[in-house]
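Some notes on the structure that comes next.
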Amino acid sequence: MDSILTLEEVSKTYENKIAVDQVSFSVPKAGIFGLLGPNGAGKTSLIRMITTITNVDSGRILLNGEPLNSRHPEAIGYMPEERGLYKKMKVGEQLTYLARLKGLSAQQAKDAIYYWLDRFEIKDWYDKKVDELSKGMQQKVQFIATVLHNPKLIILDEPFTGLDPINANLLKDEIENLRINGASIIFSTHRMEQVEEMCDNIVLINQGRNILEGNVTKIRQEYKQNRFQIDFAQAFQGQVPAGFTLLENKKNAWIVQAQPGSSSNALLSSLLAANAPIAAFNEILPTLNDIFIQAVEENNEVAAA
Amino acid sequence: MDKLWIIIKREYLSRVTRKTFIIATILTPLAFVAFFVIVGFIFSYQSDDVKTIAVLDEGNILEGALKDQKNLYFKFETRDLETLRSKFEDTDYDAILQVPKVDNLMSKEFTVFYYSKGQPTLDIDIAIRDRVRDALREYKIKSLNINREQLDAINTSITLEPEPIEKGGQDASKLTSAIAAGAGMLMGFIMYMAVFIYGSMVMRSVMEEKTNRIVEVMVSSVKPFYMMLGKIIGVGAVGLTQVLIWAILIPLMLTIVQAVFGFDAQTSMPAGQVATQINPDDTQAMVALAMSEIGNINWWLILPLCILYFLGGYFLYSSLFAAIGASIGDDMGEAQALTIPITIPVVLAIYIMMQASQAPNSSLAVFSSIFPLFSPIVMPARLAFPIPAWQIVVSILLLLATSVFFVWLSGRIYRVGILLYGQKPTFKKFAKWVFYRD
């Protein structure tokens, strides 16, 4: 698998606090990668090292196979969780300034700004001051500032907070577009439903350590507890087949837990044999939210023990 | 380096094109000139309260002559005091001045009597005493048969003319020290203003960037050190621009005001009143001498040195302001507490500078003009005096080394502080931050 970013045993200590403790993971090219973790887990410390704001104490970070160097910031676009723009500057000037700092020439910057303002249909904002814009509007400007220089790696920290559903969707489409055009995106968030929807791979950080990493679908499979939901067309009074336990008996649905060694096929065939009016049959995969909570709690217990 | 230039340009242009900057830059000289005009007007204002005073010259001292002054008219009366007092309401007089006979020519005291309703005002009091004194002096010279020339010769004016020990050494005139002291004080004060105004401008701007969170975006493109350096240089350039505009505008406006209002703002100042007692020819000679003295000062050496001291002092102090700005959020109270240790040396330097312009070779002046925290303010005040070259060289080298060190030190604090929130900054923490690894 081709990786855009590889972390090898990266550690960072602030005064007496270990913020990042030997974290290793890699971010596949042209994918959307979720960087997850509870508050204070060390996500910001990690992002600051990836964006070259701070250096690693030990370990290595490779971007496209090269150790991070002073030219790399130009290949990275970072939108921090706490947004910030110069309030008194006009949108156009502001974007030009930030683009020039990312190494674009004045002309390149101008072209890129017009391209993006056009794309978001906000060309008339060019001469508006930032503090004339609403928060959601400012966020769009901030997003444009992040991607203007066509970065290979884009890091978005909670990109959807403060956006209404329409703009959130617009942004989601743009992120998807960037990925299609070959950019790799790291997505740091607490909103698990978005991670499930958008991310291909995740890493879960807790207390400065990598506690879970991999493909979202695979992780959900790994964490599955062999639970099934059967919806009936009408009320069904039959017996629960052997090898299964009824967890919940809803109005027209069962949630059952398969005991070790029992397969979904066995469940279906015995129900069919009992003439159950099956309308739908689903395996219940744990949500990332459940996995997140479970993994963090388990990790904290281990750490406390 | 490209990025540093981009930052400098933004810091400079975003300030210079701001309306408040343009207004402040133009209004300050206007306010300055308006102040001079108003002060000049007040001092040149004379009482419009017309008074006519009856004079009873009983000893014929005044010989019928007492010069009228604007708004003050003297009329000699032959009627006696009692008649005048009883018929006072029928006359046009506002007061009666009774000058009695001189009984004793050798007395140093003499009393004249002023009869009026109410007290004589101060300007009348001074005018009458001046006139009577002059008249009495003439009267005494005549009555005592004194030779006027001899009398005049008694009062001698003394000039201390400085001469060099070595033959062919630089010959200074009596005005050299005064002009050097004046020029030095001026430079010292400009330095002081520059450090405070533009240093705190740097600090406020850093605080704003931190509170705005724009730094989070910025530091992913440029090193915090370049952000700080760019800001310091940009704001410094703004300062130079403003001072330069003022240096042109203020003399220009003063000239226009003089032409329009027709009075000289300077001679109408209180100091000007003293000057008018000097013979006008002397004044002209003094001005000519002063001009030639100003021309004699080696400006080609002093001005570049002053700019060096300005840059050194500005970088030294504004970098400290930047570090403090980075370490706090938007709490001005905390900012003030932390800036006090910075302002103390600056304020001390100002007092030392004033002392040094009087005694430029005292050991205090020499030490302070070498000590880098004081030298940007104290040394310019000494530059117009002849001082040993080694002192200038040592002082400049020390200042440059110290300001480079302070910029580095502040950069270390800035880089940590700018990304930390919710921490109460202390000097102990600053010391720790300096040694943090990136």
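Quick look at the values:
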read-out: Number of the condition not met by A:GLU174 [criteria: (1) acidic (Asp, Glu); (2) surrounded by 14 or more Cβ atoms within 10 Å (Cβ to Cβ); (3) within 14 Å of chain B (Cβ to nearest Cβ); (4) free of Cβ contacts under 8 Å to residues at least 60 places away in the same chain]; value: (3)
read-out: Meets criteria (without any contact (Cβ under 8 Å) to a residue 60 or more places away in the chain, away from chain A (no Cβ under 14 Å) and out of contact with any Cys (no Cβ under 8 Å at 6 or more places or on another chain)) for B:LYS87; value: yes
read-out: Conditions (1) more than 18 Å from B:LEU419 (Cβ to Cβ); (2) away from every other protein chain (no Cβ under 11 Å); (3) out of contact with any Ser or Thr (no Cβ under 6 Å at 6 or more places or on another chain); number of the one not met by A:ALA106; value: (2)
read-out: Selected residue (only one of A:GLU66, A:GLU82 is facing another protein chain (nearest Cβ under 8 Å), surrounded by fewer than 16 Cβ atoms within 10 Å (Cβ to Cβ) and either of a type in the set (A, V, I, L, M) or under 30 Å from A:ASP21 (Cβ atoms) (or both)); value: A:GLU82
read-out: Residues of the stretch A:197-229 classified as out of contact with any strand residue (DSSP E or B) (no Cβ under 8 Å at 6 or more places or on another chain) and surrounded by 18 or more Cβ atoms within 10 Å (Cβ to Cβ), total; value: 1
read-out: Identity of the residue in the stretch B:392-436, of a type in the set (Gly, Ala, Ser) and crowded, with 18+ Cβ neighbours inside 10 Å, that ends up farthest from B:GLN336 (Cα to Cα); value: B:SER395
read-out: Top-ranked residue in the stretch A:248-297 [being of a type in the set (D, E, K, R) and farther than 17 Å from A:GLN221 by Cβ; ranked as farthest from the chain's Cα centre (by Cα)]; value: A:LYS251
read-out: Some residue of the stretch B:42-49 being out of contact with any His (no Cβ under 9 Å at 6 or more places or on another chain) and at pLDDT 80 or above; value: yes
read-out: Failed condition for A:GLN194, given (1) assigned by TED's automatic domain parsing to the domain that holds A:VAL23; (2) at pLDDT 85 or above; value: (2)
read-out: Qualifying residue in the stretch A:54-63 (condition: within 13 Å of chain B (Cβ to nearest Cβ), modelled with pLDDT of 90 or more, surrounded by fewer than 19 Cβ atoms within 10 Å (Cβ to Cβ) and over 28 Å from the mean Cα position of the chain (by Cα)); value: no
read-out: Selection within the stretch A:40-53 - touching a residue at least 24 places away in the same chain (Cβ under 8 Å) and either away from every other protein chain (no Cβ under 13 Å) or over 15 Å from the mean Cα position of the chain (by Cα) (or both); value: A:ALA41, A:GLY42, A:LYS43, A:SER45, A:LEU46, A:MET49, A:ILE50, A:THR51, A:THR52
read-out: Failed criterion for A:ASP111 (all others in (1) within 14 Å of chain B (Cβ to nearest Cβ); (2) farther than 24 Å from A:ASN169 by Cβ; (3) without any contact (Cβ under 8 Å) to a residue 60 or more places away in the chain hold); value: (1)
read-out: Qualifying residue in the stretch A:105-116 (condition: in a loop (DSSP other than H, G, I, E, B), surrounded by fewer than 17 Cβ atoms within 10 Å (Cβ to Cβ) and more than 20 Å from the chain's Cα centre (by Cα)); value: yes
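The rows are residues; the columns are (1) within 30 Å of B:ILE42 (Cα to Cα); (2) modelled with pLDDT under 75; (3) within 14 Å of chain A (Cβ to nearest Cβ).
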position: B:THR159; (1), (2), (3): no, no, no
position: B:LYS174; (1), (2), (3): no, yes, no
position: B:MET193; (1), (2), (3): yes, no, no
position: B:ARG204; (1), (2), (3): no, no, yes
position: B:THR211; (1), (2), (3): no, no, yes
position: B:PRO224; (1), (2), (3): no, no, yes
position: B:LEU252; (1), (2), (3): yes, no, no
position: B:ALA265; (1), (2), (3): yes, yes, no
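The values are calculated or read from the model by the stated rules, or taken from the named source; none is laboratory data. No experiment lies behind these values; they were computed from the predicted model shown. Here the Cβ is made from the backbone with ideal geometry for all residues, glycine too, and neighbour counts use every protein chain on show.
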